[in-house]
Amino acid sequence: MTRDAYRRAPEEVDMQAEERAIRRDSTIATVVTIAGFAGAYWLVPAVAEMPTQRADRLAFAALCWAVNGAVLLVAILMVSTTRRVSPADIGGQAAGPPSDRLAIKAAFLQNTLEQTVLAGGFYLALAAVAGGPWLALLPVAAGLFIVGRVLFYVGYPGGAQGRALGIALTMMPSAMGYPLVAALAFLTG
C-alpha cells in the first residue's frame, strides 16, 4: 500500500487485495463493536445510573451525538482553514475540484457529515425506544466514532485499504444499532 494509493488509476487497483482488507477490517470493527456494546450494557449500569425517563434518555443521546458534532466541527474547520490559505481553493467548491492540499480534508468532511447524520438517527432512535442499560451503548458508539474518524483520516492516503478500518469503526455501531432499535421497538411496542 503506497502513500498515495487513493490516486491510483483504476487499472492499477488490485480489487482482490482491496476487498480482503475491507472484509478484514469490517470483521475487526464488528468484533470491537459487539465487545464494546456488550461490555457497556453489562458493566456501565453497575457503576453509573442510566436515564430511564424518555426526556432524560433523549437528552443523554443528544449529548452523545454532540461528540460526533464536535468531530464534524473539526472537519469543517480543517477544510475552511485550508481554503482560506490556499489560492487554488479560496474560490470554494463551485470554483473547481479541490487542490491536492485540500482533497483528503474535503473527502474527510463529506464522509464525516454522512456518518454524523447516520449516527445521530441511531442515537435518538435508541433513546426513544429504550433506556437503562441500552443507553450505555451510546458512549461506546461515540468513542468508536472518534477512533474511526481519526483512523479514516490518517489512513486515507493509503486508499481503500488505508481507510477501511476507520470507516468500519465509524459506521458499525450505527449499522448494528438500527436493527437493534427495530427489534427493541417491536418487543416493547
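Brief remarks on what is shown
- Here A94 does not qualify as touching a Gly at 6+ places or on another chain (Cβ under 9 Å) and modelled with pLDDT under 95.
- Taking residues in the range 34-61 that are more than 10 Å from G132 (Cβ to Cβ) and in contact (Cβ under 8 Å) with a residue 60 or more places away in the chain, and partners anywhere that are among the hydroxyl-bearing types (S, T, Y) and assigned to a helix (DSSP H, G or I), the pairs with Cβ atoms closer than 7 Å and at least 6 places apart or on different chains are A61/Y123.
- Test result for A95, exposed (fewer than 12 other Cβ atoms within 10 Å of the Cβ), without any contact (Cβ under 8 Å) to a residue 60 or more places away in the chain and more than 30 Å from L135 (Cβ to Cβ): yes
- So L165, is it assigned to a helix (DSSP H, G or I) and either over 20 Å from Y41 (Cα atoms) or modelled with pLDDT of 95 or more (or both): yes
- If you filter the range 3-33 down to residues that are among the small types (G, A, S) and assigned to a helix (DSSP H, G or I), you find that the one that is farthest from P133 (Cα to Cα) is A5.
- The listed residue being within 19 Å of A62 (Cα to Cα), surrounded by 14 or more Cβ atoms within 10 Å (Cβ to Cβ), modelled with pLDDT of 95 or more and of a type outside the set (D, E, K, R), out of A119, A107, A185: A119
- Selected residue [over 14 Å from the mean Cα position of the chain (by Cα), crowded, with 21+ Cβ neighbours inside 10 Å and either not polar (S, T, N, Q) or not in a helix (DSSP H, G or I) (or both)] from L102, L138, L126: L126
- Unique residue being closer than 19 Å to A168 by Cα and within 17 Å of the chain's Cα centre (by Cα) when the list is A75, A62, A70: A75
- R57 meets the stated requirement of being over 15 Å from the mean Cα position of the chain (by Cα), buried (at least 19 other Cβ atoms within 10 Å of the Cβ), of a type in the set (D, E, K, R) and farther than 17 Å from T170 by Cβ.
The values are calculated or read from the model by the stated rules, or taken from the named source; none is laboratory data. Bear in mind that the values here come from a model prediction, so they are computed numbers and not experimental data. Ideal geometry is used to build each Cβ from the backbone, glycine not excepted, and the neighbour counts take in all protein chains shown.
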